[in-house]
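Working notes, beginning with the structure itself.
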Amino acid sequence: QVQLVESGGGLVQAGGSLRLSCAASGSIYPINVMRWYRQPPGKQRELVASMASGAFTTYADSVKGRFTASRDNAKNTVYLQMNSLKPEDTAVYYCNLAQAGYLYWGQGTQVTVSS
């Protein structure tokens, strides 16, 4: 059984920063892909960043240069540092783990950016 728990969301003014964390517990394999998604109000869920174990990180064009994703494999934790936040970054942010043909999701954390 795998559990993902996100934290670090909140309300921030435009131009501000937040750091999200996602802690994974349970049977975590060394080969996996961890991703950050977000779902803005009234819109579909979209991919923000993708980190394969031992590989480089990719980002959505909308967050390149502003968001930095990282992972601490020893702690089974991934992070999303979000800088220069914009109102359009307002969304519920989810982390996702893909391993051995299975997908796991966290419960999400709300990020609200005020103008």
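Observations, loosely collected:
- Restricted to the stretch 62-102, and to residues there that are over 16 Å from Val113 (Cα atoms) and of a type in the set (D, E, K, R), the residue that is surrounded by the most Cβ atoms within 10 Å (Cβ to Cβ) is Arg71.
- For the stretch 103-114, taking the residues that are outside any strand (DSSP E or B) and closer than 19 Å to Gly42 by Cα, the one that is most open to solvent (accessible area, probe 1.4 Å) is identified as Gln107.
- Residue selection: Tyr37 fails the criterion of being without any contact (Cβ under 8 Å) to a residue 40 or more places away in the chain and either within 19 Å of Gln1 (Cβ to Cβ) or not aliphatic (A, V, I, L, M) (or both).
- Of residues in the stretch 10-61 being part of a strand (DSSP E or B) and basic (Lys, Arg), the one least open to solvent (accessible area, probe 1.4 Å): Arg38
- In the stretch 89-103, the residues that are free of Cβ contacts under 8 Å to residues at least 12 places away in the same chain reach residues that are buried (at least 18 other Cβ atoms within 10 Å of the Cβ) with C-beta atoms within less than 7 angstrom, at least six apart or across chains, in these pairs: Leu103/Asn96.
Residue by residue, here is whether (1) modelled with pLDDT under 95; (2) over 21 Å from Leu103 (Cβ atoms) holds:
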{"site": "Gly8", "(1), (2)": "no, yes"}
{"site": "Gly16", "(1), (2)": "no, yes"}
{"site": "Ile31", "(1), (2)": "yes, no"}
{"site": "Arg35", "(1), (2)": "no, no"}
{"site": "Arg45", "(1), (2)": "no, no"}
{"site": "Val48", "(1), (2)": "no, no"}
{"site": "Ser62", "(1), (2)": "no, yes"}
{"site": "Thr77", "(1), (2)": "yes, no"}
{"site": "Lys86", "(1), (2)": "no, yes"}
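- Residue match in the stretch 81-92 (condition: touching a Gly at 6+ places or on another chain (Cβ under 6 Å) and assigned to a strand (DSSP E or B)): yes
The values are calculated or read from the model by the stated rules, or taken from the named source; none is laboratory data. Computed from a predicted model, the values in this text were never measured in an experiment. Counting neighbours? That spans all protein chains shown, and the Cβs are built from the backbone with ideal geometry, glycine included. For the accessible areas, the whole protein counts, side chains as well, though only heavy atoms, and no ligand, DNA or RNA atoms are used. Shrake-Rupley method; radii C 1.70, N 1.55, O 1.52, S 1.80 Å.
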